[in-house]
Structure formats: C-alpha cells, structure tokens
Amino acid sequence: MFGPSAKAVGPRRDYTACNGCGLCFLVCPMWRGHRDPRFTPQGLAKALQCGATASALAAPLDACSLCGACDPVCPESIDLSQMVMDLRLALPRRPDIDSRHAKLAQLAGCAAPPPAGALLLPGPDLRAEPALLARVQALLGHPGAEDDGADIALALEAGIEIPRARRRRFLDRLDGRALVVADGLLLRQLRRWLPAARLRSLGEALGNLVALRRRLTGADFYVIEARAYHADHERLVGHYDRLRTETGCGINLDLQRMAIPVAARGRSHPPELAAGGDTTQARWLLQGRTPSRIVVESLADRAAIARICDVPVLHLAELAEA
C-alpha cells in the first residue's frame, strides 16, 4: 500500500542565508574529490554572496553530482541542490546533451495517455533492460508509463529550460496518482510539482516488499540511490534503519546518516550520456568492505560498481531471481 507523500515543509531559503558553517563539507562528494572550498555548496553560496556569476562558477557547477546530501544537513534550510540547478540554466548549452534531450522529448510527444491507476516511471536505464523492467512491473503490480519524463529529468540534470506546455502536459497526466519513480532527481521535483500525488522511489517501493527484504542478509552491502533518499530524508531515515535492523546488511550511510553516492557524476557526465561515470567515488565507498554481494537500487550504480569489484552486484528487483 502507498503511504502518504512526504509531509509539507516550510519554504527553503536561498544562498543569501549561508552563514559559512561548513557542515555541507562533511557530506559533499565534490569536496572529497577536490579538497578545494570552491567545490562545495558553501563555496558556491559564498561566491554568489560576493557577486560571482554562473560562468565564473562553471567548474564546480559541472562537477556537482546533485546527490542532495547537502540539503538535509544545512542548518539554514538552504535549497542548495536547486541553487545548482538554477545556476546551470545560465551555463552554455552542450550540443551532445541538447541532441539527447531533443530525442527524448520527441519520444515523449508520441506517447499514449497512461492507463488509470498507479504508475511506474521507469526511466531510460530500466527501459534499456526489458526483462528487468517486466520483473519490476510484476513485483509492484504497476504498468510503466510510456511518457516517464526522461526528457524532463535530463533537463533538470543538465540545465535545460523545460517548456511550460511540456511540463504541464506531463504533470496533468500524473496529478493525484500513486507513482513509483526510478529517477531520484525527477522524484525530487515531482514532490514539489504534484503535492497531491502519492510518490515513492523505486528503491523504497521494492524495499517494502517482504519477499525481497527476506532475501537480504548480513553479508550483503545495500546501496541506496542518493538523490531520492535525500529528497525525502526525514521520512526515509526510518525506512532504511528498519531495513538494516531486520536484515543486518551494511548500507552506504555515513555518520550523519547521509547516503554516500556511488559515482560522483556531474553535468559533464550525466548518466544518460556517460558510458562509465566516475569510479573513484565507488572505490572510496567500498574501501575496507568485504561483502559477499552488493545490492543496489539504481542501475547506474550497478554498472559503476560492477566495473571495480569481483563480487555479484544485483539490482534490488533481481533478488527475486537470486
């Protein structure tokens, strides 16, 4: 059964509220990779306070993975992820990303209206594996929407303006529904755009299935998809605490209970375009761990981890076959 959507929270603040506390350093993959204050949410906010333009901040804006870990830890409730996405809109457009976005938008324009009832928004990665997509649909009992907003998700990632008519057409078909959303960044925005919808990430929806939870063991390492988790952190902390307690598995949470992202991808290498992604972050995440199996919520994470380790790496839905 679907639970209620995340409870409404007060309005997030903008970069002018940054007091320089530096708590975002603790959870930021950019900081871990660069050790340069300019490559942190605080660095971006302080630069903006001093009048910096988006073009002057292009390097950290490109490097940000939009993992969202900085948003829950910010004591000033600054919407740091949205700050980055807004600034990316002012950066020069990239022809390769524009071409990919145009193709996705064309496919969305040909999509038939979705059937009534609960829906799965699978995203390009899951669509690329039809057998796995069919298994996910069977496990959840939800059909997949032809128009899953893949072009909108890429636009949010890369800094492309979304035409109002396109967004309205997409949202009108989803408003008030129960939705399971595979793309964490799209899920984050849908929580804002569709307050009446009942929304869950794919990881949460599958993780609530008793048949799958029972297949997790203390020898497994479970990898949360970071974007969806941080977008609904206050509620999902309890979900993953219960998962860890019941199964004994390890989870990619740090001491602040933020989800460490597997790959530190940025605008220069969005998942839809990158063949690999940054494996440095994945290696750091697995350092010192010796799991018998790694279970992931994201197919992009599965691909990144599989390249650097020799233990089985399974998508959560694949536990049904294990």
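In table form, for the structure just shown:
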read-out	value
Antiparallel bridges, percent of DSSP beta bridges restricted to the chain (to nearest 5)	5 percent
Förster radius 45 Å - calculated FRET efficiency between Asp96 and Thr16 (Cβ-Cβ, nearest 0.05)	0.85
Mean projected area in nm² (Cα convex hull; one quarter of hull surface) for the range 15-88	4.1 nm²
Isotropic mean projected area of the C-alpha convex hull, the range 206-320 (nm²)	7.1 nm²
Calculated Rg and Dmax of the range 68-211 using C-alpha coordinates, Å	15.7, 47
The chain, dipole about Cα centre (Lys/Arg Cβ +1, Asp/Glu Cβ -1), debye to the nearest 20	320 debye
Additional length obtainable on full extension of the chain from Asp310 to Arg135, 0.36 nm per residue less Cα span	60.5 nm
Centroid-to-centroid separation of the range 113-192 and the range 17-82 [C-alpha atoms, Å]	28 Å
Over the chain, relative contact order from alpha-carbon pairs under 8 Å, at least 6 apart, %	18 percent
Values of log10 I(q)/I(0), in the order q = 0.27 Å⁻¹, for the range 52-105 under a Debye, Cα-only, solvent-free model	-1.08
Student exercise, the range 206-320 dipole from Lys, Arg, Asp, Glu Cβ charges, in Debye to nearest 20	120 debye
Cα-based convex hull volume of the chain per residue, rounded to whole Å³	128 Å³
Sorted peptide list for 180-193, 101-114, criterion being average Cβ within 10 angstrom, highest first	180-193, 101-114
Residues Thr217, Thr247, sorted so that the one with the fewest Cβ neighbours within 10 Å comes first	Thr217, Thr247
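Just so you know, all these numbers are worked out from the coordinates, no wet-lab data involved. Computed from a predicted structure; not experimentally measured. Glycine also receives a Cβ, built like all others from the backbone with ideal geometry; neighbour counts cover every protein chain displayed.
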